[in-house]
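I have placed the structure first, in the form of C-alpha cells, so that the comments after it can refer back to it.
The values are calculated or read from the model by the stated rules, or taken from the named source; none is laboratory data. None of these values were measured; they are calculated from a predicted model. Methodologically, a virtual Cβ is constructed for each residue, glycine included, from the backbone with ideal geometry; neighbour enumeration extends over all protein chains shown. Each accessible area value is taken on the protein alone, full model and side chains, heavy atoms only, with ligands, DNA and RNA left out. Shrake-Rupley method; radii C 1.70, N 1.55, O 1.52, S 1.80 Å.
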Amino acid sequence: MTELILYNAFNGLIIGAFYALMALGLSMILNLSGVINFAHGGFLAIGAYLAYFMIPYVGFWPALALAPLATAVIGLIVERVLIRRLYGRDPLYSLLLTFGLAFMIEDGTRFLWGPQTLPFAVPAWLNTPLSQTFFFLTAYRLFMVVLVVGVVAALFLFLGRSRTGMRIRAGTRDLETVGALGVNVRVLRTLNFGLGIFLAGLAGVLAAGMLGLDPTLGGSLIMPSFVAIIVGGLGSLPGTLLGGLLIGLASGLVTVFFPSASEAIIYVIMGLVLLVRPRGLLGEEGRIQ
C-alpha cells in the first residue's frame, strides 16, 4: 500500500507540473492582456506533435528545445493575426475566438497525424527505473521534475530581474500607466503571449513522453489548468504554481482510494477554496471585478 501511495503521489506531482506549466502561461496572458486563451491546450498539442515530427530528423534532445520555440512562433503569428484585434474588448470575445481555435487545432492535428494514439520516442535509457523498490521512479520522470523546476525558476528570475520581465509585471498592475511611461505596450503583449505559448509547447513535449500523443492531449489538460489559476488566485503566478501542484497531488492520492473521483476532486478543491477564500490561495484582493 505504501508503494502504491508513493507511486500515485509522484505521478500526481508530475501531472501537477504539467498543469502548472500550462497554467503559468495561461495566467501570464490573462493577467497582462485580459485574453482567456482556451486554445492553450491546442498549442500544447502542437508542441508535442512538432517534437514528434522533428525527432526522426534531429533526435529527441534538439526536438525538446526546438518544438516549444516553433510553437511560440506559431503563437506569435496567431496573436498578430487574430488575438491582437481583441485587446481592450470584453474577455468573452477572446474566449469565444480561442474556443473555436482550439477545435480547429484539434481537428488539424487529427487530419495531419490521424486520430490514433502515436508512440512518442523517448530515449530508452530515460525509461529505465532508478530503483528496484521504487520502480516508478524513472530517469525520464526525474528529468521532467528537474526541468520543470529549472524552467519555473528561470521564469520567475526573468520576471523579477530583467527589464522586460519587470515591465510585464508592472503591466499586469496598470498597463495604461506603463504605456504612458513610454513602453511599447503592443510589443510587450506580443512577447508575453509568445512566452506563455512557449510554456504550453514545452509542457506538450514533456507530457507526450509520459501520457502518449493524441489530438485530445491538450483538451484533457486545459480545464485543470484553469482550475489551478482559480485555486492559486488570479494575478498570482506563485499561486498558480501552487494550485497546479496541489490539484495534481490531490488527484493522484485520491486515485488510490477512490479512482472514479480522481477528476472530480479537482473541482471539489476549487469549490472549497472559493468558499473559504474567493480570491484564491495567494490571490490579491480586487483582482476579480
- Task: Kindly provide the set of residues from segment 37-92 that are of a type in the set (Asp, Glu) and surrounded by fewer than 14 Cβ atoms within 10 Å (Cβ to Cβ), ordered by number.
- Result: Asp90
- Note on the structure: Residue set Thr128, Thr138; condition within 30 Å of Ala9 (Cα to Cα), open to solvent by less than 50 Å² (accessible area, probe 1.4 Å) and without any contact (Cβ under 8 Å) to a residue 40 or more places away in the chain; output residue Thr138
- Message: Within segment 96-117, does at least one residue satisfy the condition of being part of a loop (DSSP other than H, G, I, E, B), open to solvent by 70 Å² or more (accessible area, probe 1.4 Å) and either free of Cβ contacts under 8 Å to residues at least 12 places away in the same chain or closer than 19 Å to Ala203 by Cβ (or both)?
- Response: yes
- Item | Conditions (1) under 14 Å from Gly219 (Cα atoms); (2) open to solvent by 30 Å² or more (accessible area, probe 1.4 Å); number of the one not met by Leu6 | (1)
- Answer with yes or no whether Leu206 is open to solvent by 50 Å² or more (accessible area, probe 1.4 Å) and closer than 22 Å to Leu76 by Cβ. no
- Subset of segment 209-220, residues of a type in the set (A, V, I, L, M) and either open to solvent by 10 Å² or more (accessible area, probe 1.4 Å) or within 17 Å of Val268 (Cα to Cα) (or both), comes to Met210, Leu211
- Message: Quick check on my filter: what residues within segment 227-268 are part of a helix (DSSP H, G or I) and hydroxyl-bearing (Ser, Thr, Tyr)?
- Response: Thr240, Ser251, Thr255, Ser260, Tyr267
- Given the residues Gly271, Gly244, Gly239, which is the only one that is of a type in the set (Gly, Ala, Ser), touching a residue at least 60 places away in the same chain (Cβ under 8 Å) and open to solvent by less than 40 Å² (accessible area, probe 1.4 Å)? Gly244
- Query: So which of Ala180, Ala170 is open to solvent by 80 Å² or more (accessible area, probe 1.4 Å), more than 23 Å from Ile15 (Cα to Cα) and small (Gly, Ala, Ser)?
  - Reply: Ala180
- Message: Given the condition open to solvent by less than 50 Å² (accessible area, probe 1.4 Å) and either under 18 Å from Gly283 (Cβ atoms) or polar (S, T, N, Q) (or both), answer yes or no: does some residue in segment 144-159 qualify?
- Response: yes
- Answer with yes or no whether Gly194 is within 11 Å of the chain's Cα centre (by Cα) and not aromatic (Phe, Trp, Tyr). no
